[in-house]
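Trainee: Just passing along the structure, written as structure tokens.
The values are calculated or read from the model by the stated rules, or taken from the named source; none is laboratory data. Only a predicted model underlies this, so the values are computations on that prediction, with no experimental measurement involved. Cβ coordinates were reconstructed from backbone atoms using ideal geometry, including for glycine residues, and neighbour counts include every protein chain displayed. The area values use the complete protein model at the heavy-atom level, side chains included, leaving out ligands, DNA and RNA. Shrake-Rupley method; radii C 1.70, N 1.55, O 1.52, S 1.80 Å.
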Amino acid sequence: MTATIIDGKETAKEKREQLAKEVEELKQKGVTPGLAVILIGDDPASLSYVRGKKKAAEAMGMHFQLDHLDASLTEEELLQLIDQYNANDQFHGILVQLPLPKHISEKAVIERISPDKDVDGFHPLNIGKMLLGEDTFLPCTPAGIVELLNKTGVSLSGKEVVVVGRSNIVGKPVGQLLLNENATVTYCHSRTANISEHTLKADILVVAVGRANFIKADQIKEGAIVIDVGVNRLDTGKLVGDVDFEEAKEKASYITPVPGGVGPMTITMLAHNTVKSAKRTLA
Ligand code: GUN
């Protein structure tokens, strides 16, 4: 079988067009959705992600403010800046780009962002709501993955889902969202005894481990849907996912490419959450 490519760029484009209309409607009601992004230090990957967020947010007509701060910033200074944005009505979303320098506690930062402006969906209160299936800001990459899966038209109910990776940002929440969609979910991770034994049973395989070409075709069930969350740069400069795409596309029914799969949806769902937050101020 040769897989159909799940075009994240196209799905993101359609959703961004819709969001741009919603931004315009909000503006007519006197509210411009505003997103504040705080970036600390000069990690090249983070810089690139933040540039993508800025470009997309501005293209949708949103107000975007970037605070790019030196890595010597103290935790207390960062927490005070977050407090300022929490209190500023012009901003409906606050995002602190991760990873943070070692001297700053990620937990303290995430918990300081008002749950009402937590457009990343990382605050424990919002994660709790997601777990309970309540309306909240869903984490962007997992929510984008659900949108891409829905785009295939394949029902998620009753499907065997295997998630490889258990990060707080992607692995854990994507499994939870798919459980909420009535899938049967298995998590594999670095201590899993025999990963292939699980992945070979997957109707839907989600891979988020951050290791280039980690999953090979012989670990994929014929006809599975493969979602590759990885973004890894090879020494040659080429960007590749966590799945060996060339092999896997001959086995899967649907597959996301890297780049152009999950990535564009992450940014789009961030915009979605910011618009959602802005709408709430009118409710
Ligand atoms: N670093 C990598 N991905 C993300 C993300 O989705 N949100 C934030 N805040 N930082 C990240």
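Trainee: Is the stretch 259-280 home to any residue that is part of a loop (DSSP other than H, G, I, E, B) and open to solvent by less than 10 Å² (accessible area, probe 1.4 Å)?
Mentor: yes
Trainee: Taking the stretch 2-33 on its own, how many of its residues are over 30 Å from residue 222 (Cα atoms) and β-branched (Val, Ile, Thr)?
Mentor: So the answer is 3.
Trainee: Name the single residue that is most open to solvent (accessible area, probe 1.4 Å) among those in the stretch 149-192 being within 16 Å of the ligand (Cβ to nearest atom) and in contact (Cβ under 8 Å) with a residue 60 or more places away in the chain.
Mentor: The selected residue is 169.
Trainee: Looking only at the stretch 123-168, how many residues end up being within 15 Å of residue 204 (Cβ to Cβ), of a type in the set (Ser, Thr, Tyr) and assigned to a helix (DSSP H, G or I)? So that I can check it myself, show each step before the final result.
Mentor: Restricting attention to the stretch 123-168, the residues satisfying the condition of being within 15 Å of residue 204 (Cβ to Cβ) are 142, 144-165.
Going one step further and asking which of them are of a type in the set (Ser, Thr, Tyr), we end up with 152, 155, 157.
Next, from what is left, pick out any that are assigned to a helix (DSSP H, G or I): 152.
Residues in the stretch 123-168 being within 15 Å of residue 204 (Cβ to Cβ), of a type in the set (Ser, Thr, Tyr) and assigned to a helix (DSSP H, G or I): 1 in total.
Trainee: Now for a different question. In this structure, is residue 138 at negative phi and either within 14 Å of the ligand (Cβ to nearest atom) or small (Gly, Ala, Ser) (or both)? Full working, then the answer.
Mentor: Working: at negative phi: yes; either within 14 Å of the ligand (Cβ to nearest atom) or small (Gly, Ala, Ser) (or both): yes.
Yes.
Trainee: Scan the stretch 105-130 and report the pairs whose first residue is at negative phi and modelled with pLDDT of 95 or more and whose second residue is of a type in the set (Lys, Arg) and crowded, with 22+ Cβ neighbours inside 10 Å, with Cβ atoms within less than 8 Å and a gap of 6+ or a chain change.
Mentor: Listed pairs, sorted by first residue: none to list.
Trainee: When only residues in the stretch 30-54 that are exposed (fewer than 12 other Cβ atoms within 10 Å of the Cβ) and over 17 Å from the mean Cα position of the chain (by Cα) count, which is nearest to residue 268 (Cα to Cα)?
Mentor: Here is the first cut: in the stretch 30-54, the residues exposed (fewer than 12 other Cβ atoms within 10 Å of the Cβ) are 30, 42, 44-45, 48.
Right, trim to over 17 Å from the mean Cα position of the chain (by Cα) and you get 30, 42, 44.
Details: 30: 23, 42: 24, 44: 21 Å.
Out of the qualifying residues, it is 44.
Trainee: Please enumerate the residues belonging to the stretch 200-239 that are touching a Ser or Thr at 6+ places or on another chain (Cβ under 7 Å) and at positive phi.
Mentor: 223 - this is the single residue of the stretch 200-239 that is touching a Ser or Thr at 6+ places or on another chain (Cβ under 7 Å) and at positive phi.
Trainee: Sticking with this one: May I ask you to verify whether residue 238 is modelled with pLDDT of 95 or more, surrounded by fewer than 21 Cβ atoms within 10 Å (Cβ to Cβ) and either in contact with a strand residue (DSSP E or B) (Cβ under 8 Å, 6 or more places away or on another chain) or within 30 Å of residue 29 (Cα to Cα) (or both)? Break it down into steps so the answer makes sense when it comes.
Mentor: Numbers: modelled with pLDDT of 95 or more: yes; surrounded by fewer than 21 Cβ atoms within 10 Å (Cβ to Cβ): yes; either in contact with a strand residue (DSSP E or B) (Cβ under 8 Å, 6 or more places away or on another chain) or within 30 Å of residue 29 (Cα to Cα) (or both): no.
The answer is no for residue 238.
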